Structures are given as structure tokens and as C-alpha cells.
Amino acid sequence: MDNVRKLRVAIVGAGASGIMAAKKLRDVGVTDVVLFEKADDLGGTWRDNTYPGLACDVPSHLYRYSFAPNPDWSQRYASGAEIQAYLKGVATRHGIDRLIQYSSEVIEAVYRDGQWRIRTTRGDQGAFDVAITATGVLHHPVYPDIEGLKEFQGPAFHTARWDHSVGLQGKRVGIIGTGSTAAQILPAIIHEVEKVSLFQRTAQWVMPQPNAPISEERKARYRADPKSMDQKYQELAQVFNGTFCAALAGENAEVYESMAKACRGNLDSVADPVLRARLTPDYKMGCKRLIISDRFYPAIQQPNAELVTTKISHVEAGGVRTTDERLHELDCIVLATGFDPHRLFRPMMVTGRNGKVLSEVWADGNLAYRAIAVPNFPNFFMLGGPHSPIGNFSFLMTVERQLAYVLQLVSLLQSGSAREISPGSAATEAYNHALREKVAGSIWASGCRSWYMDKNGNVASYPWSFEKFERDMQAPLLEDFELA
Ligand code: NAP
């Protein structure tokens with residue numbers, strides 16, 4: 001192995017995908033790895049989000065690393081705290097935590113003399129042969145542009161910056177937004193607060209799914225017979241990716257209809273026809289990210305819950321004023337207003353070959369070759385890059401496949417077959433042309449507004465099936481790359 005080139009690799013972000021990247025790089029002999037993490041702890045989204053009711057709505061046995069199956073998941077959908085503990089456990093067991101440089105946000109990556117020069121908030125970190133971004137997708141909170149928010153006299157915070165010093169017991173709480181996050185918070189707090197006013201701008205499709213505990217017997221079976229756990233994973237992958245996500249990608253009309261029927265049936269559980277009508281979406285199921293919950297409708301029907309559908313006019317000291325002049329008096333405001341996924345790793349400034357600046361290349365929208373790489377940015381690879389399968393997919397499954405692909409490119413650098421790898425412009429254009437054509441007819445472009453769309457109306461979803469994604473990620477088509 002003496003002729004293997006020793007690579008120095010910078011990973012940006014110590015969340016779920018960064019931890020995975022470090023572990024798998026070491027598996028293939030790349031040991032000189034630094035993970036730069038802006039915060040003082042690992043875990044990414046599972047570190048940032050601590051709101052009441054937080055759980056992953058992808059089944060636990062699908063939301064795990066293939067190299068670290070977990071027989072101990074306590075529920076079908078694990079809580080945020082359980083996932084964070086899982087990530088920490090994996091990072092410690094595999095010695096990844098020692099590679100992390102905390103409180104060191106990457107500000108700049110510049111490609112110079114065949115290497116990436118990395119600068120973080122702690123200063124110049126030197127040169128790296130490869131840079132891998134692992135910054136997740138949903139981590140830039142969106143603060144609503146609502147007049148007067150600063151005038152509010154009580155606490156007001158974003159769901160991803162939950163203020164645990166604020167006790168909600170007996171309080172009047174306003175939740176602005178009705179996405180997956182609000183749908184988890186409402187049922188979690190409704191029984192302890194005096195009142196919740198839920199400000200809904202757009203009604204949602206809500207798929208009922210009970211979050212059953214996993215019995216001790218089953219956990220013991222998984223421990224004793226890991227193959228049975230793997231079988232569970234395969235079954236879930238088939239149901240989730242092969243049918244559920246395929247239906248959303250327009251590849252299974254029958255399943256799509258049965259999903260819509262399940263959501264309509266769920267909505268029928270709302271007894272009051274007026275409330276039901278106000279909760280009825282006026283766009284196609286799946287256009288916005290589907291909400292998975294069997295607790296949202298029971299919660300919004302509690303006597304101390306109010307669904308507010310009149311437009312918000314402004315916020316004032318005592319609460320939220322709607323355009324009908326009514327003041328909704330509140331003690332606390334929760335901003336469940338989502339994230340900007342299109343910023344990805346920005347404000348990090350990435351400068352590639354010939355001084356090309358990535359944010360300028362992406363001025364009209366984020367484009368990459370198969371979500372992984374960008375022409376003229378050699379040896380720069382993204383996990384969860386533009387048009388990755390996100391939304392209702394298991395992000396860990398997505399990223400693990402992307403990483404396997406990236407490692408095949410990295411192996412060309414290790415073996416000396418190339419010193420520089422970047423996708424060709426023509427291949428990138430052809431890929432994005434096909435993608436744009438497919439996405440234009442997709443469910444996400446069917447007439448709603450969602451976080452899948454950027455400010456220019458580009459839909460950032462992956463428009464094909466997970467099966468195709470897996471096939472495409474099996475091996476890079478080297479003719480699409482420029483190797484130097
Ligand atoms: P979101 O789905 O983007 O929802 C944001 C909500 O805020 C929407 O209801 C939106 O209304 C509303 N909103 C935004 N600005 C507003 C304004 N100025 N005035 C009034 N309402 C406003 O955000 P999220 O609920 O945080 O979820 C984001 C994503 O995170 C999810 O789709 C999911 O992928 C992920 N997530 C996953 C889980 C999980 O269990 N795996 C849990 C939570 C979140 P409009 O609909 O009208 O725009």
C-alpha cells in the first residue's frame with residue numbers, strides 16, 4: 001500500500017453526514033481527516049432541534065447508518081434526543097469525535113495549487129486535498145417577515161432555537177406555521193398550556209401513522225438475530241422508498257391514490273365540518289412535504305386549541321393581530337416557520353479553478369452534477385447537495401449512497417489515477433436539463449408554495465425514484481468527469 005497517496009480531507013459539518021463521511025473515509029484508509037463544526041457539539045439538526053414532540057418521521061430502523069444498526073430504538077419513530085444519543089454513540093465508538101474541531105465555522109475554501117485552503121472562524125487551517133461538505137439541508141431558520149415581531153413583550157423564538165428557560169405551563173402560546181414541526185409541537189404542548197393559537201397560512205395533507213413503542217421482546221430478537229433487524233430495514237426500505245416515495249415521484253398512481261385516501265380519511269376524523277373545511281388543503285397531496293402524524297387532528301380539536309386562518313396583520317406587544325382587527329393575546333410566540341434549504345453551506349465562500357466563486361455560479365439556482373460536484377470545483381464533493389433526494393426520504397440512506405459514490409472518486413486520487421476530479425460542463429448541463437424537464441411535471445411543481453422551491457421558483461427536489469437514485473449512485477460514469 002506504499003504507493004497509495006495519503007490524502008488530507010476536510011469535512012465541513014459534524015452532523016449525521018459528516019460523522020458518516022469520516023467513518024467511511026477511515027475505512028478506506030484516509031486517516032488524515034478534520035471535521036470542522038461551527039457549533040460546540042456534534043449532531044447537526046438533532047443538536048439544534050430540541051422542541052417538544054421532536055421525532056423523526058422516517059421509521060427508526062430506516063434512519064440509521066448501515067454500519068451501525070441499532071436494536072435498541074424505542075419507538076417506530078425515534079425521538080430527537082434518541083437520535084442525537086445514537087449519533088454521539090456512533091461518533092464515540094468509531095473515534096470520530098476526536099477528529100472534530102468545534103466552534104470552527106468554515107468561512108472560506110479556496111482551490112489553489114491543487115489543494116483546498118480552508119479558513120474557519122478560528123483562522124487559516126491549512127491545505128487539504130479533498131473538501132467534502134456535510135452541512136445538511138434544513139439548518140438555516142427562516143424568520144417570518146411579520147411587522148412588529150420585535151414589539152412583542154413575551155418570548156418569541158424559532159423552533160430550531162427553542163428557549164427551554166421559558167415554561168409553557170398555563171401560558172397562551174401562539175404557533176406561527178403548520179409544517180411538520182408545528183404538527184409535532186402542538187400535540188406535545190396542548191395539554192399543559194392554557195391555550196394554543198395555531199396560525200395557519202396554508203392547510204396541510206396529514207398522513208396518519210401511529211408511533212408505536214418497540215417491545216422489549218422485539219429488541220431482544222434484534223439483538224440476538226441481527227439478520228432479522230436487517231430484514232426489517234429491507235422491508236421498510238421497500239415500503240418507504242419503493243412505494244411511498246415512488247408514488248410521490250409520480251411512479252405509482254395506485255399507491256398515490258391510497259395515500260391520498262388515507263390522508264382524507266384522517267381529515268374526516270375532524271368532527272366539526274367548519275374546522276374540517278378550514279383544514280382541507282386546496283393543492284395536490286405531496287406538493288408540500290407530507291406531514292406524518294396521527295396526533296395533529298386530535299390536538300387541534302382540543303377545547304384549548306384554536307386554528308387561526310385569518311391572515312396575520314402584525315405583531316404587537318400583547319400578541320398577534322389578524323387582518324380582521326382581532327388581537328390574539330399571547331404570552332409566547334413560537335416561530336414554526338421552517339428553514340431555507342437553498343443556502344446549503346453558505347455563507348461559506350467557495351472559490352474554485354480560475355477564481356470561480358460558487359455562489360456566483362449558483363446565482364440563478366443551485367446546480368450540480370448528480371448533487372455531488374460542480375464543474376471547475378475539483379476534488380470538492382457535496383453530501384446532500386442540490387437536488388438530493390430529501391423531503392420524505394431517509395436522509396441517512398441518501399447520504400450513504402452519495403458517500404459510496406464520492407469514495408469511488410476519492411479512490412482515483414488515492415491510487416494516483418488522477419490529481420483533480422470534477423464533472424464536465426456538458427455532462428452537468430445534460431443532467432440538469434433532464435432534471436429540469438422531469439421536475440417541471442412533478443408533484444412539487446403542481447401549484448403550491450413549499451420549501452422545495454427556491455426564490456426563483458426552481459424546485460430543488462429529486463424528481464425520480466429512489467431506485468433510480470441508487471442505481472445512479474452505484475458507480476460514477478467516468479466519461480462525465482474531467483480527470484487531470
Ligand atoms: P415548513 O414545512 O417550511 O413550514 C413552515 C410553516 O410556516 C408553513 O406552514 C408556512 O406557511 C408558515 N410560514 C412561513 N412564513 C410565514 C409567515 N410569514 N406567516 C405565516 N406563516 C408562515 O417548516 P417545518 O415545519 O419546520 O418543516 C420543515 C421541514 O423540516 C419538514 O418539511 C421536514 O422535511 C423537516 N422536518 C422533519 C421532521 C421529521 O420528523 N423528520 C420534523 C420536523 C421537520 P405556508 O405553508 O403557507 O408557506
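The values are calculated or read from the model by the stated rules, or taken from the named source; none is laboratory data. Note that this is a predicted model, so its numbers are computed, not measured. Reconstructed Cβ throughout: ideal geometry from the backbone, glycine too, with neighbour counts over all protein chains shown. SASA here: full protein model, heavy atoms, side chains in, ligands and nucleic acids out. Shrake-Rupley method; radii C 1.70, N 1.55, O 1.52, S 1.80 Å.
Worth pointing out:
- Rounded accessible area of residue 292 (nearest 10 Å², 1.4 Å probe): 20
- For residue 117, nonlocal amide neighbours, meaning residues 5 or more places apart or on other chains whose placed amide H falls under 5 Å from its own, are 110, 111, 112, 128.
- Considered as an equivalent ellipsoid built on the Cα gyration tensor, the stretch 26-182 has semi-axes of 33, 24, 13 Å, the largest given first.
- Karplus-based coupling profile of the stretch 98-115, in residue order and whole Hz: 6, 8, 8, 9, 7, 6, 9, 7, 6, 9, 8, 10, 10, 8, 9, 6, x, 9, with θ = phi - 60° in 6.51 cos²θ - 1.76 cosθ + 1.60 and x standing for Gly or Pro.
- Sites residue 354 and residue 164, calculated FRET efficiency, Cβ-Cβ separation with R0 51 Å, nearest 0.05: 0.60
- Isolated Cys in the chain, by beta carbon distance under 4.7 Å: 56, 245, 263, 332
- Among the GluC sites (Glu not before Pro) within the stretch 275-343, those in coil by DSSP and having at most 16 neighbouring Cβ atoms inside 10 Å are 325.
- Within the chain, the proportion of C-alpha pairs whose separation exceeds 44 Å stands at 14%.
- The stretch 233-247 - phi-based ³J(HN,Hα) in whole Hz, Karplus 6.51/-1.76/1.60, Gly and Pro as x: 4, 5, 4, 5, 4, 5, 5, 6, 7, x, 10, 4, 6, 5, 5
- When you restrict to C-alpha pairs under 8 Å that are six or more residues apart and normalise by the size of the stretch 151-203, the relative contact order lands at 40 percent.
- Sorting 232, 88 by accessible area puts them as 88, 232; the probe is 1.4 Å, largest comes first, and only protein heavy atoms count.
- Rounded Å value of the spacing that divides the Cα centres of the stretch 101-142 and the stretch 299-332: 42
- For the pair the stretch 63-89 / the stretch 188-236, the C-alpha centres are spaced 12 Å from each other.
- J(HN,Hα) series, the stretch 453-458, from Karplus relation 6.51 cos²θ - 1.76 cosθ + 1.60, nearest Hz, glycine and proline x: 9, 8, 5, 8, x, 6
- Accessible surface, the chain, averaged per residue in Å² (probe 1.4 Å): 42
- Residue order for 27, 72 - accessible surface, 1.4 angstrom probe, largest first: 27, 72
- The amide H of residue 292, built 1.01 Å from its N in the peptide plane, has 207 as neighbours under 5 Å, considering only residues 5 or more places off or on other chains.
- Reduced Cα scattering model of the stretch 245-321, Debye log10 I(q)/I(0), q = 0.16 Å⁻¹: -0.74
- The share of accessible area on the stretch 279-349 that comes from carbon and sulfur is 47 percent, using a 1.4 angstrom probe.
- Area of residue 40 that stays accessible when all protein chains are in place (1.4 Å probe, Å², to 10): 120
- Peptide packing for 367-376, 54-63, 213-222 was compared via the average number of neighbouring C-beta atoms within 10 Å per residue; ordered from the highest value, the list is 367-376, 54-63, 213-222.
- Alpha-carbon centroid distance for the pair the stretch 10-46 / the stretch 377-447, whole angstrom: 19
- With 29 Å as the limit, the listed pairs 219/261; 261/468; 171/261 have 219/261; 171/261 beyond it between alpha carbons.
- Cut-off under 5 Å, modelled amide H: who pairs with residue 331 long-range: 172, 173, 174
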